[in-house]
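One structure below.
Read-outs throughout are calculated quantities, based only on the coordinates presented, and are distinct from any laboratory measurement. All of these numbers come straight from a predicted model, not from anything done at the bench. Cβ coordinates were reconstructed from backbone atoms using ideal geometry, including for glycine residues, and neighbour counts include every protein chain displayed.
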Amino acid sequence: MVISDLNPEYCSIRDGVVTVNGNILYADNHQEGDEPFIIKAYRSLGISYPKFFKMDSLSKTGFLAAELLLKGTATDNQELKSNIAVILMTGNASLDTDLNFQSTIDNPAAYFPSPSIFVYTLPNIMLGEICIRFKITGEGIVFIDREINGTVLYEYIDTLFTDGITDSCLFGWVDYLNGKAEAFISVIHKDMITQSFNQHSFNSFIQRTFRTSNHQH
Amino acid sequence: MPAVYKIADNIISSLGFDTDENFRNIVSGISGIRETEKFTLPAGKVHASLVDDTRLEASAYFDPSKYTRLEQLIISSIHNAVDGTGIDMADPETLIILSTVKGNNDLIVPGSPFEPDRIHLWRTAGIIKEHFANPNDPVVISSACISGTLAIIYARRVLISGKYKTVVVAGGDVVTPFILSGFDCLKAIDPDPCRPFDASRKGLSLGEAAGTIVLSGQMPAERDTIIEIASGSSSNDANHISGPSRTGEGLLRSIEKTLGNRSVDEVGFINAHGTGTLFNDEMESIAFSRCGLDNKPVNSLKGYLGHTLGAAGIIESILSCWSIEKNMLIKSYGYSQQGTSVPLNMIIGSAPATVKACLKTSSGFGGTNATILISKYNGYK
């Protein structure tokens, strides 16, 4: 088994660096008073999707990674996208927005809960935003784990392929808390599966493309 | 494809601490949604379905000072489901799946006596794993209101893959000021107890509960009725993050995938999501009609237990299993007059009936929809 056989396209956002298939598209050069990193990355990458600005930071992070991966790559195919399964994992889930919403109800004298904040207090809203953007109507699931868990992702993708539920999966990790944005999104197709698609090659793929991506700059 | 069977279950709610107590109260027409002073809203009175504190803390399974309210509920529920059944929680072939929407959300307020990482859903699952000395990493599913139904679908798929012998699907959520304020600011809370599908409905009632359904690829020991999770699927509306599709598109697709090449005649009744909000119930009626299911008996169980978020899909599926096992269709509590543009065959009185299968549906924020077919085992393949 050759580990490098499993080589799907991916987008990684980590430590202020945005990469697609290992190529750096944006690297943050933080200056005092700057806009948040994700917004700066969005502006500098020439993306135009006005709904982006009403999303919370978790959804912005997931959206940006999915947008960069699915637009202008081999996966830019609407028929494929409508049936693709979306399998996302997060650690902090919606905690950043939860804290924001809680601050609007903490003080009875300044009780002003906002519907536009509350709707983002669910981690699967980022999945919904990605589905809206790409008109994805397939299976969807959000797992919560302390860090990206290749075993859970691999087992589910393998099950979906084996049972004939879908031919392709958009999968990965999206996390956001207190200004720290992380995403790793990739697409795997059933026809990429050969002997090399197994738990080991899958974990190696995540390891070399995401876990180590902060060493690229 | 191998079958996946229900081998044990439990519900802890305002209506009881095991499924039998819940089922008897429900069939007797008792709702657990009551006016409560535990929570307040600017508009005044709050109705919710809450678990009795004294009874919960009297549980013999743990020291209540060491576990959060949600952890107490879920640990008690799993114990009640598995103790005495021979299910080995410490077996490497037993997997725990946790379904929760907001987890220990009550700890978000400063001054919690618990360590800070207890706010995380993965930590809640870790606490449960440690309590039961289960060797596997628990899987946490948090996909809004479909979490419980999706957890059952995931469990079914994992069992078919053959890696585990037993999957314990546990779920729960507690009512907190955060969740109540949130739904209230969306104008989604009915000031009175919720009335799913009724013309006078004004929103949902929140509920807290925990539920456990234990599934296995091995047929349970001899009993009158064997229940299987025959099929399941999910689909996204790709339409709006908080409003359900006006055409019921995602739910329709999920139902079609779940039924596959089965005839709609095989569906004995539908256990709907039926939250009591104007938009959800309307969307469901349209989807059922478009699937040719509008003459099927329909109930929502939220009039008894409120919207229990991460527990909802699990406890409503369990009650629907019991409906099949006990040959008893359950009345849709709170319904009296058609309140959707497509008329539905609402169940207006609990009554004996023999049915073979139930279509259980769930829909939620983020455009999510999930459905499962719960069936009497008779060799569906």
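What net charge is computed for the residues neighbouring residue A:125, neighbours being all others with C-beta under 13 Å from the C-beta of residue A:125, Lys and Arg scored +1, Asp and Glu -1?
-1
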In debye, nearest 20: dipole of chain A around its Cα centre with unit charges on the Cβ of K, R (+) and D, E (-)?
380 debye
So what's the back-of-envelope 222 nm ellipticity for the protein assembly as shown, counting only DSSP H runs of four-plus at -39500 (n - 2.57) apiece and dividing by all residues, rounded to 500?
-8500 deg cm²/dmol
Can you tell which of B:355, B:139, B:109 shows the greatest fluctuation in a Gaussian network model of chain B with Cα springs below 10 Å?
B:109
Taking the Cβ-Cβ separation of residue A:9 and residue B:246 as r and a Förster radius of 30 Å, what is the calculated FRET efficiency to the nearest 0.05?
0.30
Just report the Cα centroid separation between segment A:151-210 and segment B:252-282, whole Å.
30 Å
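Can you give me the span-like helices of chain A, meaning DSSP H runs with 27 Å or more of Cα extent along the axis and Kyte-Doolittle mean at or above 1.0?
none
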Under the rule rounded for a/c under 1.5, else prolate if a/b exceeds b/c, else oblate, using alpha carbon gyration tensor axes a ≥ b ≥ c, segment B:332-381 is classed as oblate
Bridge orientation stat for the protein assembly as shown from DSSP, antiparallel percent rounded to 5, came to 70 percent
Alpha carbons only, please: Rg and Dmax for segment B:86-139, in angstrom.
12.9, 42
So, counting K/R as plus one and D/E as minus one, what does the shell of residues with Cβ under 10 Å around residue B:367 add up to?
-3
Using the alpha-carbon centroid of each, what span in Å lies between segment A:103-148 and segment B:304-381?
27 Å
When the convex hull of its Cα atoms is projected in every direction, mean area for segment B:1-149 (nm²)
11.6 nm²
For segment B:227-376, rounded, prolate or oblate, judged on the Cα gyration tensor with a ≥ b ≥ c (square roots of eigenvalues), a/c < 1.5 rounded, else prolate if a/b > b/c?
rounded
Over segment B:5-216, what is the mean sequence separation of C-alpha contacts under 8 Å (at least six apart), divided by residue count, expressed as relative contact order in percent?
30 percent
Difference of contour (0.36 nm per residue) and Cα-Cα distance, residue B:199 to residue B:136:
17.9 nm
With an 8 Å Cα cut-off and a minimum separation of 6 or more residues, compute the relative contact order for chain A in percent.
32 percent
Give the separation of the Cα centroids, segment A:1-62 to segment B:32-89, in Å.
42 Å
What spacing in nm lies between the two simple spin-label points modelled at residue B:61 and residue A:48, each 7 Å away from Cα in the Cβ direction?
5.6 nm
Cut-off 19 Å (backbone N to label point 7 Å along Cα→Cβ of residue B:265), residues of segment B:280-318
B:291-297
If we count every other residue with Cβ under 15 angstrom of residue B:223's Cβ, Lys/Arg +1 and Asp/Glu -1, where does the sum land?
-3
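At a threshold of 8 angstrom on Cα-Cα distance, excluding pairs fewer than six apart, so keeping six or more, what relative contact order does segment B:227-376 reach in percent?
Working: 316 pairs, mean separation 57.8, N = 150.
The value is 39 percent.
Viscosity 1.002 mPa s, temperature 20 °C: what is the translational diffusion coefficient of the protein assembly as shown from Stokes-Einstein with a Kirkwood Rh over Cα pairs, rounded to a whole number of µm²/s? Could the numbers behind the result be given before it?
Values: Rh = 24.0 Å.
It comes out at roughly 89 µm²/s.
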Percent of C-alpha pairs per 10 Å bin, chain A, short to long
8, 34, 36, 16, 5, 1, 0
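Using the Cα atoms as the points, what is the convex hull volume per residue of chain B in Å³? Can you show the working numbers first?
Details: hull volume 47.9 nm³, N = 381.
Each residue corresponds to 126 Å³ of Cα convex hull volume.
Note down the Stokes-Einstein diffusion coefficient of segment A:47-169 in µm²/s, whole number, using a Kirkwood radius over alpha carbon pairs, 37 °C, and 0.692 mPa s.
For the chosen part, D equals 206 µm²/s.
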